[in-house]
Amino acid sequence: MKILHKTLLAFLLLFIASSYAQEGASSCAELQANFQQYQSCATSIPFQNTTNNNNGETYVTSCIGDQFQAPTWFFMKIQTSGNIFLQISQVDNNAFGTDVDFVLWGPFDNLNNICGQLNLSKEVDCSYAPDSVENVQIFNAEQGKFYILLVDNYDNTPGQITIAQTGGTGSSDCSFLSSVEILDTAGNEITELNYCKPASKDLVATIDINDFPGNAGDLRFNYKWYKDGVLVTNIVDSTSNTNTLTATETGLYKVEITAYDSTDPTVNPSRLEISADEIQLNFFDKPVLNAGPHTLQQCDFIAPNNDGFASVNLTELSNTITNSTSGITLSYFTDVALTQQIANPADFTNTTPFNQTIYVTGIFTAQSFPCVSNTAEIQLTINPTSVASYPDIAPVCPVLNTNSNTIDFDSQRILIKNTYFPTTAVEIAFYRNPSDASLEQNEVTNSSEFTSGVHTIYTRIETGNDCAGIGTFEVEVYDTPDQNPVTPIVVCEDESVILANKDAEILA
């Protein structure tokens, strides 16, 4: 089993449990090839020793003259600078002490080709005494440096080895054993980082204690949760290896944990290693639509004008549906499941005659993550409508030297309102063709140009957003008169000229 630091638990997260086995390396070659699997730190929790694994490796040491009998290899990384004093003890399966030896080399900057560097110049401490208890001394250990520890079961007797830190202000790095991961409630990695309000996300700080060799009930966990660097929850001495925080707002969520064996008398609460994990979650707003249902009546006046089908501009209700909120893009559908989207809602022909329900959703256009609103409804009604005839506007002449002019539609609007709808509040708009009148697009006004000729104008009468009637009238712009050549007039300087005498010639 790996040697554990006294201030940490022998537990691993699920994602590293298989990597950090309980045994150390059986040889230096194995340690060098896969050193990530054999990091150690000191604790008072016993681990199983090894037997009969003499692989023939030999190293010159100051105290061990024979080949190693049943060696176990680890590396240590220094977390806190200072002196570190360790005690190694070994017992057999009947709890009787058995001979244990050790060699410690270091310090090293890294573990590259480490086996070739284990010589007398790098030896820190060594013991070959026939004792079941050995003491290891590391003076002035430096943070970030590496040490190689060999523990040899000299008697080749099955049993357990315990390593504990007995003194010193330094410590070894045990963060590899105390890693915490933020998972979901099912124990899976959280891959979805964006959510739509009012959704929430449970963040579960999770530690796997399956590899803890002691009584799991003796473990104690401390949790600190932060949001954007601000402490939001502090849990002390929890007996659970999981802790949940519910996130509802955008932010960087971080958990810091410390843990210890409550039965270990050597634990120093001020020196517990901190392990942390964090995750950025984003919560986005979604539009709130005026659900309705909103009625929209359309006149069916385009032949055949009694079949219950007509072209409709559904977008004319957009301000009503969005409560005039800017920045919302609406989508329109013909089914409640929102699978049949209307490609062009500004020119929609109903698919069900006379009456049809249209379903509308919205998103904030500028938002990086689209959150779909609630669903609004439009109750569309198609009313067969005959086309009324309104008085024509008096013809107008073209503007001088052109073949076009504008029309006074304001006067025509007043005439139609006062004559046909004297007591009804209506809106009157004018269009050049029936399609524009149906879709309420390209409205003509007093500034619209009309070329010479006769033009049929379609008048749309509305109450609110509902079509109340369609009528037509004509406007005419006279043709531009021909400009005939006129015989020049020759007179003396003091003679008068009667221009009217040329009228017949000009108008010929």
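Read the figures in this text as sums done on the coordinates, not as results from a lab. It should be emphasised that the depicted structure is a prediction, and the values quoted were computed from it without experimental measurement. Ideal geometry is used to build each Cβ from the backbone, glycine not excepted, and the neighbour counts take in all protein chains shown.
Note the full-extension length gain between Q367 and S331 as 0.36 nm times their separation in residues minus their Cα-Cα distance, in nm to one decimal.
Gain on stretching Q367 to S331: 11.4 nm.
Jot down the radius of gyration and Dmax of segment 449-508, Cα atoms only, both in angstrom.
23.9, 72
In deg cm²/dmol and to the nearest 500, what is the mean residue ellipticity at 222 nm of the chain if only DSSP H runs of at least 4 residues count, each as -39500 (n - 2.57), divided by the residue total?
-1500 deg cm²/dmol
Just to compare against my own numbers: the Cα pair-distance distribution for segment 213-311, 5 Å bins, whole % per bin, please.
Calculated over all Cα pairs of segment 213-311, the distribution is 2, 9, 14, 12, 10, 7, 6, 5, 4, 4, 4, 4, 4, 4, 3, 3, 2, 1, 1, 0 percent.
Taking a label point 7 Å from the Cα of D347 along the Cα→Cβ vector, which residues of segment 450-468 have an amide N closer than 19 Å to it?
Residues 458 qualify, since their backbone N sits under 19 Å from the label point.
Here are some pairs, K145/K227; K197/K254; K197/K224; which of them have Cα atoms lying more than 31 Å apart in this structure?
K145/K227
Give me the distance in nm between label points sitting 7 Å out from Cα along the Cα-to-Cβ direction at N442 and S200, one decimal.
The two pseudo-label positions are separated by 5.6 nm.
For the pair L338 and Q36, what calculated FRET efficiency results from E = 1/(1 + (r/R0)^6), where r is the Cβ-Cβ distance and R0 = 51 Å, to the nearest 0.05?
Efficiency, rounded to the nearest 0.05: 0.55.
Round to the nearest 0.05 the FRET efficiency obtained for N113 and N52 when R0 = 22 Å and r is the Cβ-Cβ distance.
Calculated value: 0.20.
For T375 and N93 in one chain, what is 0.36 nm times their gap in residues minus the Cα-Cα distance, to one decimal in nm?
Additional length available on full extension: 94.5 nm.
Between helix 409-420 and the chain, what is the angle of the helix's C-alpha long axis to the longest principal axis, kept within 0 to 90° and rounded to the nearest 10?
80
May I ask for the percentage of alpha-carbon pairs in segment 294-384 that lie more than 22 Å from each other?
Cα-Cα pairs in segment 294-384 separated by more than 22 Å: 28 percent.
Could you work out how far apart the two model spin labels at N140 and S81 are, taking each label as a point 7 Å from the Cα in the direction of the beta carbon, and quote it in nm?
Once both label points are built, they end up 1.1 nm from each other.
Considering the Cα trace of segment 176-262, what is its radius of gyration and what is Dmax, both in angstroms?
Cα radius of gyration and Dmax of segment 176-262 are 13.8, 44 Å respectively.
With viscosity set to 1.567 mPa s at 4 °C, what whole-number translational diffusion coefficient in µm²/s follows for the chain from Stokes-Einstein and a Kirkwood radius over Cα pairs?
Taking Rh from Cα pairs, D becomes 41 µm²/s.
Would you please give the FRET efficiency between E427 and L193, computed as 1/(1 + (r/R0)^6) with r the Cβ-Cβ distance and R0 = 45 Å, to the nearest 0.05?
Efficiency at R0 = 45 Å is approximately 0.40.
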